[in-house]
Amino acid sequence: MNTTEYHQLVDLQMQAIEEGIDDSGADIDYESVGNVMTLEFDDGSQIIINRQEPMQEIWVASKGGGFHFALKEGEWTCSKTGLILMDLVQQECSRHAGEPVSW
């Protein structure tokens, strides 16, 4: 995949995360600046999601640790856990929010 394709695919994934948060009704604030999306919770904790263009990955940092996602068979998949990005973000949002967050 070239750089343009990578950015298009990450843009779609970031948009899906934003829409998932909106659809969930959870009280999660999010902001995207440059290559970084920050999810912020009532207790002040955060989840940071960022593009790692040189590696063509998406990285997530949260209370649960650091996770690296690469595109495999059309899904952003964690090299450590095998989880799909959207599933991990939903899981971590639930952990940070202190209540189930689903979309």
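Of all residues being in a strand (DSSP E or B) and of a type in the set (V, I, T) in the stretch 21-48, which is most open to solvent (accessible area, probe 1.4 Å)? Just the residue, please.
Looking only at the stretch 21-48, we keep the residues that are in a strand (DSSP E or B), and these are 29-33, 36-40, 46-48.
Cutting the leftovers down to of a type in the set (V, I, T) gives us 33, 36, 38, 47-48.
On the way: V33: 95, V36: 54, T38: 33, I47: 1, I48: 47 Å².
The selected residue is V33.
Within the stretch 1-20, the set of residues being of a type in the set (S, T, N, Q), outside any loop (DSSP other than H, G, I, E, B) and open to solvent by 70 Å² or more (accessible area, probe 1.4 Å) comprises T4, Q8, Q15. For the stretch 1-18, a tally of residues being modelled with pLDDT under 95 and closer than 14 Å to K72 by Cα returns 1. If you go through the stretch 33-61 and keep only what is at pLDDT below 95, under 30 Å from N2 (Cβ atoms) and in contact with an Asp or Glu (Cβ under 9 Å, 6 or more places away or on another chain), you end up with just N35.
Of all residues in the stretch 92-101, those satisfying the criterion of being open to solvent by 50 Å² or more (accessible area, probe 1.4 Å) and part of a loop (DSSP other than H, G, I, E, B) are G98, E99, P100.
Would you confirm whether any residue within the stretch 71-91 is among the polar types (S, T, N, Q), in contact with a Phe, Trp or Tyr (Cβ under 9 Å, 6 or more places away or on another chain), without any contact (Cβ under 8 Å) to a residue 12 or more places away in the chain and surrounded by 12 or more Cβ atoms within 10 Å (Cβ to Cβ)? Within the stretch 71-91, one or more residues are among the polar types (S, T, N, Q), in contact with a Phe, Trp or Tyr (Cβ under 9 Å, 6 or more places away or on another chain), without any contact (Cβ under 8 Å) to a residue 12 or more places away in the chain and surrounded by 12 or more Cβ atoms within 10 Å (Cβ to Cβ).
Selection over the stretch 33-66 of residues that are in contact (Cβ under 8 Å) with a residue 12 or more places away in the chain and closer than 19 Å to L12 by Cα gives a count of 16. The single condition among (1) surrounded by 15 or more Cβ atoms within 10 Å (Cβ to Cβ); (2) charged (D, E, K, R); (3) in a helix (DSSP H, G or I) that R51 does not satisfy is (3).
The values are calculated or read from the model by the stated rules, or taken from the named source; none is laboratory data. None of these values were measured; they are calculated from a predicted model. Methodologically, a virtual Cβ is constructed for each residue, glycine included, from the backbone with ideal geometry; neighbour enumeration extends over all protein chains shown. SASA here: full protein model, heavy atoms, side chains in, ligands and nucleic acids out. Shrake-Rupley method; radii C 1.70, N 1.55, O 1.52, S 1.80 Å.
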